[in-house]
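The values are calculated or read from the model by the stated rules, or taken from the named source; none is laboratory data. This one's a predicted model, so the numbers in the text were calculated from it and none came from an experiment. So basically every Cβ, Gly included, is an ideal-geometry build from the backbone, and we count neighbours across all protein chains shown.
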Amino acid sequence: MVEASELRQSPFLADIPDADVQRLAEVAVLVHFSESEVIFQVGTPAKNLYLLKSGSVLLSFPNGRALVIRQPGQALGWSSLVSPFHHTATAVCLTDSVLYQFSNAELFSLFRMDAGLATRITAKIESVIQERKPYRMPRTAHGEGESRS
Amino acid sequence: MTGLSAIAAANGWFITVTGLVIVFTGLALLAAFIASLDKLLAFWDRGVAWLQRPRRRGSSGPAPGALAHQGPAPLPRADASARTVFLGGETLEVYQYFQWLTRRQGDVFSLSRLLEQAEKRGIPRPHFHLDELLVLGLIEELPGEECGFYRWTPGISVQPEE
């Protein structure tokens, strides 16, 4: 569990009501990763959603594209909330990083009890999926990507 | 005749000392060679770069060892304002390694592939230094359909720290 006030500062949860943030804080775990440590691998079962607290994480997609996550509050591991619950990218820490970890089982339990929270979090996840959609596209311009979607 | 007197009679002591001198001289020469290997390789790289200079006009740039006082090879869209970044010690070394590794991929490169190659070659702390180069703006992400791929930011000159 983490402090709700601490979690409140995450931009990802900026417009989430305090009561919901409190519930999320109760299931959140603060996890520390070292530089070069892999948080999750592409293709592996996705069981946790992460929000970056500090540090820098590289999201690498199988097509060769990569995205650097450096802004606190940015989400990783959205695949844990979306079928087929397998990671679409590999997350590796560029520097020592601290993240809030939410087990998808705990989140689904919360969603079952509170449909409003489910809707709000799902909408946020949807925007993250859309934002990262171009990174999952096969590379065409230079013909060098592995063309794996 | 046996024992020490036999050794002395057959020049055994002289042979032993000669053997020791030969072995230790060999080891000392080998140690000196290994200690100066980085200088020799840098000299070799400068030589190769010098030899290839007339033929590589407009191509991907000089050899990695010759990059200490130069910026990355400029790309066609050089619209960034000229800027100098000072790098020191290990960062400068890794910057040069990265330049060499990315040259194999072309002007546009994949960060995950770069890290993979850097790890294979035992480059020190590639993740940390990659982040450093990104924060310093030496590496930039391409826009549009090429998002997620990166290039050396044009118009930036890298200088070794004083």
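Values computed for the structure shown
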{"quantity": "Meets criteria (of a type outside the set (Ser, Thr, Tyr), within 13 Å of chain A (Cβ to nearest Cβ) and either surrounded by fewer than 16 Cβ atoms within 10 Å (Cβ to Cβ) or free of Cβ contacts under 8 Å to residues at least 12 places away in the same chain (or both)) for B:Gly106", "calculated": "yes"}
{"quantity": "Total residues in the stretch A:57-96, condition part of a strand (DSSP E or B) and either more than 21 Å from A:Pro11 (Cβ to Cβ) or at the interface with chain B (Cβ under 10 Å from one of its Cβ atoms) (or both)", "calculated": "11"}
{"quantity": "Scope the stretch B:110-152; condition facing another protein chain (nearest Cβ under 7 Å), in a helix (DSSP H, G or I) and among the hydrophobic types (A, V, I, L, M, F, W, C); matching residues", "calculated": "B:Leu111, B:Phe128, B:Leu130, B:Leu134"}
{"quantity": "Residue check, A:Ala46 under 30 Å from A:Asp18 (Cβ atoms), at pLDDT 95 or above and away from chain B (no Cβ under 13 Å)", "calculated": "yes"}
